[in-house]
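Below: one structure, written as structure tokens.
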Amino acid sequence: MSEGLASAARRNERRLFGTDGMRGVAGQFPMDRATAHALGVALGEALTDRSRPSEVVLGMDTRESGPWLAAEVAGGLARVGVASRFAGIITTPGIAFLARSGRYGAGVMISASHNPYQDNGIKVFGPTGYKLSDDEEARIEQRILALLAEGLQPAPAPLETDESLARAYCDYLAKTLPLSLSGLRLVLDCAHGAAYALAPALFQRLGAQVTAIGCSPNGRNINQHCGSLHIEGLRERVLTERADLGVAFDGDADRAIFVAGDGRLADGDAVLWLAASWLHEQGRLKGRDGPTVVATVMSNLGLERALQAAGIRLVRTAVGDKYVLEEMLRCGAVLGGEQSGHVIFLEYATTGDGLLTALRILEILVRRGRALQDLLAGLKLYPQRLLNVPVRAKRDLETIPAVTRVIGEAQEALGSEGRVFVRYSGTEPVVRVMVEGPDSETVDRLAQRIAAVLEAELG
């Protein structure tokens, strides 16, 4: 078992932290006031124990629960003498950038990413801009649970937005693009989320003609029929506006999905192909064992074969951009990501960043002088079906004979021309089914068969 898969297995045993921080229904454990306050205390104690700077930068997306959760984390930090600096509404990668560029002991983002508004989450970054390790999260989790058992009472701290923090992040992003976007027509879907103000301002500043949708947050419409999980509206606007490119972000803008001028979808696998080809051509695609891209077990087999044909190695990890990053650091890669649109350009950032990814794709389009749909011609993706099956409890799938049997039969039917992958979500009570192969009909049939067995056994 790889380090990433081993980490994922350990994570499934925990009560609070999942694959991307803590997440749950706002107002209910673990996204209640007491737990958020206890996290602030536990994080503050960890910082003072290690003599790190005694200030934490906080941010949030547009959910109605964000302000009181942020205030409780700040209150917990204040209880142990750690100050907070509040960026207000900002993207998750914006907090990661601020954590590593300022004199902060940590960065905390209040967001549930692509989840609906009823959910919220807490993500913690260290002073290097990297998410906390599994071991660090485990120690903080143990302390949170102990504080709750002792009856710790929540006590929010007042927060005042420092608007200079978001400006500093946007200034940094703008500096990474050494050219003008003048003449390009973009449609941005900001998912009524963290990028609703930042993204239009950034791309207009760089010269693009911008049409922005999903930019009217009300606390409850984040990700609602918009953003990276619902690109139908974006695709329609791209075609109607005859735009050069459409970009869809999720609620905290750490991912980006693209729509070409002809309406073609480009997900994270397509981004990895485009970026890898560009960097490889420039001699900038690094890796200890040669040019390397890191992706997850969910990335399409077509991506792997296209990269292989170009002389580029693909290394797979468990699902989660945290595990992608760990493997990138281990093997010396500078590019990695997920099919969902989390892409890490390690030359510029320590986490997936939807705004940064859009800048890199636009740079490639401008430098090559070609449309996105033309550049995607070299990537032939296999038909792939993804299904989510709700579960009552996350039992070990390998101990359920009917499940192991149907998965084995599906893989045997596909042979070397396809893949089957079944896993539990790290953030939701569902099991995810992925089947891919050269034939859409077969892929759909096998995925439905596996999902039916999972529903019968676990639903």
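Round to a whole angstrom and tell me the spacing of the C-alpha centers of segment 195-246 and segment 345-420.
23
Arranged by the count of other C-beta atoms within 10 angstrom, fewest first, what order do ASP254, ASP171 take?
Working: ASP254 36, ASP171 12.
Arranged by neighbour count, lowest to highest, ASP254, ASP171 become ASP171, ASP254.
Determine, at each q value in 0.14, 0.19, 0.22 (inverse angstroms), the log₁₀ of I(q)/I(0) that the Debye formula gives when each Cα of segment 244-339 is one equal point scatterer.
-0.50, -0.90, -1.14
Would you mind pulling out the separation of the Cα centroids of segment 433-455 and segment 247-261, in Å?
Centre-to-centre (Cα) distance: 27 Å.
Taking the DSSP beta bridges in the chain as the whole, what percent of them are antiparallel, to the nearest 5? Provide the component values of the computation, followed by the final result.
Working: 34 of 62 bridges.
The antiparallel proportion sits near 55 percent.
Hey, can you rank 269-277, 88-96 by average C-beta count inside 10 Å, highest first?
88-96, 269-277
How big is the Rg/Rh ratio for segment 384-458, C-alpha atoms only, Rh by Kirkwood, two decimals? Before the final figure, lay out each step's value.
Working: Rg = 11.7 Å, Rh = 12.3 Å.
Rg/Rh: 0.95.
Highest mean first, what order results for 391-401, 130-140 on Cβ atoms within 10 Å?
On the way: 391-401: 11.5, 130-140: 17.7.
Output ranking for 391-401, 130-140: 130-140, 391-401.
Suppose we keep just the DSSP beta bridges with both residues in segment 252-403; what percent of those would be antiparallel, to 5? Walk me through the intermediate numbers first.
Numbers: 5 of 12 bridges.
Antiparallel: roughly 40 percent of the beta bridges in segment 252-403.
Using only the Cα atoms of the chain, each taken as one equal point scatterer with no solvent, compute I(q) by the Debye sum, divide by I(0), and report log10 of the ratio at q = 0.05, 0.09 Å⁻¹.
-0.17, -0.57
What percentages make up the Cα-Cα pair-distance distribution of segment 19-67 when the bins are 10 Å wide from 0?
21, 48, 27, 3
Give the peptides 300-306, 259-265 in descending order of average Cβ contacts within 10 Å, highest first. Mind dumping the intermediate values first?
On the way: 300-306: 20.4, 259-265: 17.1.
Listed from highest to lowest mean packing, they are 300-306, 259-265.
Below 15 Å, Cα to Cα, which aspartates and glutamates can LYS394 reach? Residues fewer than 8 away in the same chain don't count.
Hits, sequence-local ones excluded: GLU13, GLU428, GLU455, GLU457.
Check each of the chymotrypsin sites (Phe, Trp or Tyr not before Pro) in segment 306-362 and keep only those in coil by DSSP with at most 13 other C-beta atoms within 10 angstrom; list them in order.
Working: sites: TYR323, PHE345, TYR348; in loops: TYR348.
Those that pass, being in a loop and sparsely packed, number zero.
Could you state, as a whole-number percent, how many of the C-alpha pairs of segment 110-163 are farther apart than 18 Å? Write out the running numbers ahead of the final one.
Working: 852 of 1431 pairs.
So the pairs more than 18 Å apart make up 60 percent of the total in segment 110-163.
Taken together, the values in this text are just the output of simple stated rules run on the coordinates, not laboratory data. All values reported here derive from a predicted model rather than from experimental measurement. Virtual Cβ from ideal backbone geometry, glycine too; neighbours counted across all protein chains shown.
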